[in-house]
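Q: Sharing a structure here in structure tokens format.
The values are calculated or read from the model by the stated rules, or taken from the named source; none is laboratory data. Because the structure is predicted, anything quoted here is derived from the model rather than measured. Here the Cβ is made from the backbone with ideal geometry for all residues, glycine too, and neighbour counts use every protein chain on show.
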Amino acid sequence: MAVRVIVVERYEFVRDALRIAIHPMPGLELVAEASNASEAVGLAVDENPDVILLDVDWPSLDGLAIAPLLRQVVPAALIVMYSSEPEFETHDRGFDAAEAAMAAGADVYLTAAATLEEMVAALHATPATWRRERHLEEELVG
């Protein structure tokens, strides 16, 4: 059974690239694409995806704001938040992007430096696996 994926990305060319990358991958099925927050929530309700691939940096309602909404409507979905813009991750914004993503409800955060292989590995993971690893990491660190 294929992992059902929704891509939430504001830039059409990035959505196109992700579609091209995900389509031939065995075990993955891209079931929907959203270009804004309201579209994303509606599609998440309609499609009940296994994974939501979510861009973190938007001009209005960003990924940090929409993640809790998506978590409410599809609580079992794995939320993989990513940044396609390296400047988003810099500390001059006053916060750590990965920490902010996790606090907003993401299960996984991929930096702009992540490879396609890392993204595909994240999409193939189960929510329980990522949450268990994150819980163990939190226990070890703090």
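Q: Give me a count of the residues in the range 1-38 that are farther than 21 Å from GLU118 by Cα, at pLDDT below 90 and not in a loop (DSSP other than H, G, I, E, B).
A: The total comes to 2.
Q: Among the residues of the range 42-77, count how many are surrounded by fewer than 19 Cβ atoms within 10 Å (Cβ to Cβ), touching a helix residue (DSSP H, G or I) at 6+ places or on another chain (Cβ under 7 Å) and in a helix (DSSP H, G or I).
A: Count: 4.
Q: Taking helices (runs of 4 or more DSSP H) that fall entirely within the range 93-142, which contain at least 3 residues that are in contact with a helix residue (DSSP H, G or I) (Cβ under 9 Å, 6 or more places away or on another chain) and at pLDDT 55 or above? Spell out how you get there, then give the answer.
A: Details: elements: 97-104, 116-124, 127-141.
Per the criteria, 97-104, 116-124.
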